[in-house]
Amino acid sequence: MDKLLIDGGIPLRGTVPVSGAKNAALPILIATVLAPGEHRLGNIPDLVDVSSMLSLLGRIGCPSLVDGDVRIDATRIAYREAPYDVVRKMRASVLALGPLLARCGEAKVSLPGGCAIGVRPIDQHLKGLEALGCRFELAGGYVHGRVDKLRGAHIRCDVVTVTGTENILMAAVLAEGTTVIDNAAAEPEVEDLARMLNAMGAKIKGAGTRRIEIEGVTSLHPAPGGYRILADRIEAGTYLVAGAITGGDVTAVGADAEALAPVLSMLESAGCTVERAPGSVRVARSGPIVPVHIETQPHPGFPTDMQAQAMALLSLGVGTSTIRENIFENRYMHVAELLRLGADIAIDGSLATIRGTPKLTGATVMATDLRASASLVLAGLAAQGQTEILRLYHLDRGYERLEEKLGALGARVKRASEGRGE
Ligand code: EPU
């Protein structure tokens, strides 16, 4: 297992290229199952989760080739199952449900179960797919769905769910008649999936809002000329916070200021200078970190996927900040580790109270999930002395070439085996 060693205290400066969005890549990769033929996808990040999705596609019978772009041959579907050993590694395998049901009339997906950030049920996925005519049985840890004919329906999600909306969307595109999804997730990644599906011949309107309308079509085809996925707003936001927390000046090239709006306004409130340009965002800080109050919400609210990173920043503020985590019930796993670096944070249910401290000090900490790990990297970059982050594999699920990108900004970061010291 790898660990990351960070010698902190260096202001990060320069430009960093933003990779393709993990949470757009995952649904878009599996959406290729909807149309026979060869698909070409551009800007797919090289991440462990992407490899897991490609291996799931391989298990289903859709081989892939990575030659800069990712090419997937979805001519034939041999199996209709996402087995436990794949789902266990990556919850997003549940996204196979909608496309397999739409293409084959059957799907068997291992139930994802909980994870470090919460229980994460899939009742809304099943409710939406049932409204389209699917029937489900739960047995042996699997959800087994069947459908003779998908028919459009009016679906109202009880909670806003990103992958739930995506699953319903991927089935509805091939349903007979019109489907409306109310209280849909409006995240930019849902919008990107809809854009790709439209390029494949689907008829979707309203993606990126709370109400999506889908007019079913009888068949889809690979997007002519391929499809290039959008930039990762969470990766971009993480590097911009790296500039902010170290008192540096970082430009994220490829970042979309609109998709990052709630994160950028938080950074401005915290005392940073933010420059928005077409295709890039720059964040610099020279003054103190001003306390702010944040509540995570579905898009366009403040993203839960940036909550841990914001907390690292605010732990060095000049007063008391608060964060309320409204999306996941257990997404404070990073707090105990931030305390080991000298942060002063108290948790009361979903509310975190962060009393700013003048400095953090390097220590050995343990990563527990992807974004928790990112917050520890950020804290380590600002801390005095060396920080050692164990269980680096969490970061490899979501950050492409992390050490290289941080190194190019001037950080002293290196990867080592957990068995060895420096
Ligand atoms: N929920 C239900 N029932 C459902 C589905 C969701 O109660 O059927 C609840 C969840 O338990 C949670 C809330 O609804 O409390 C929102 O969960 P959502 O379904 O939106 O999360 P997700 O689709 O499983 C995606 C991202 C996450 C991101 C969340 C929220 C992907 C592959 N994953 O997860 O990304 O945190 O949306 O924005 O898109 C990450 O990248 O680190 C990550 C965890």
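The values are calculated or read from the model by the stated rules, or taken from the named source; none is laboratory data. Please read these numbers as outputs of a predicted model, since none were measured by experiment. With ideal geometry, Cβ positions are generated from the backbone for all residues, glycine too; neighbour counts draw on all protein chains shown. Just the protein is used for accessible areas: all its heavy atoms, side chains included, with ligands, DNA and RNA removed. Shrake-Rupley method; radii C 1.70, N 1.55, O 1.52, S 1.80 Å.
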Could you count how many residues in the stretch 272-287 are closer than 19 Å to SER375 by Cα and either under 24 Å from the mean Cα position of the chain (by Cα) or not in a strand (DSSP E or B) (or both)? 3
Check whether at least one residue in the stretch 397-405 is touching a Lys or Arg at 6+ places or on another chain (Cβ under 9 Å), modelled with pLDDT of 95 or more and among the hydroxyl-bearing types (Ser, Thr, Tyr), and report yes or no. yes
Suppose the filter is in a loop (DSSP other than H, G, I, E, B), away from the ligand (no atom under 13 Å from the Cβ) and in contact with a strand residue (DSSP E or B) (Cβ under 6 Å, 6 or more places away or on another chain); does GLY145 pass it? no
Does GLU388 count as assigned to a helix (DSSP H, G or I), at pLDDT 95 or above, open to solvent by 10 Å² or more (accessible area, probe 1.4 Å) and under 28 Å from MET1 (Cβ atoms)? no
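For the stretch 212-228, indicate whether the set of residues that are over 21 Å from VAL377 (Cβ atoms) and aromatic (Phe, Trp, Tyr) is non-empty.
yes
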Can you tell which of GLU325, GLU329 is within 12 Å of the ligand (Cβ to nearest atom), surrounded by 15 or more Cβ atoms within 10 Å (Cβ to Cβ) and either modelled with pLDDT of 95 or more or farther than 17 Å from ILE6 by Cβ (or both)? GLU325
Candidate set from the stretch 72-126 (those that are open to solvent by 50 Å² or more (accessible area, probe 1.4 Å) and among the acidic types (Asp, Glu)); member that is nearest to the ligand (Cβ to nearest atom): ASP123
Go through the stretch 165-179 residue by residue and tally those that are open to solvent by less than 10 Å² (accessible area, probe 1.4 Å) and either among the aliphatic types (A, V, I, L, M) or free of Cβ contacts under 8 Å to residues at least 40 places away in the same chain (or both). 7
Subset of the stretch 95-136 [in contact with a strand residue (DSSP E or B) (Cβ under 6 Å, 6 or more places away or on another chain) and outside any strand (DSSP E or B)]: ALA96, LEU97, LEU100, LEU101, LEU111, LEU126, GLY128, ALA131, GLY133, CYS134
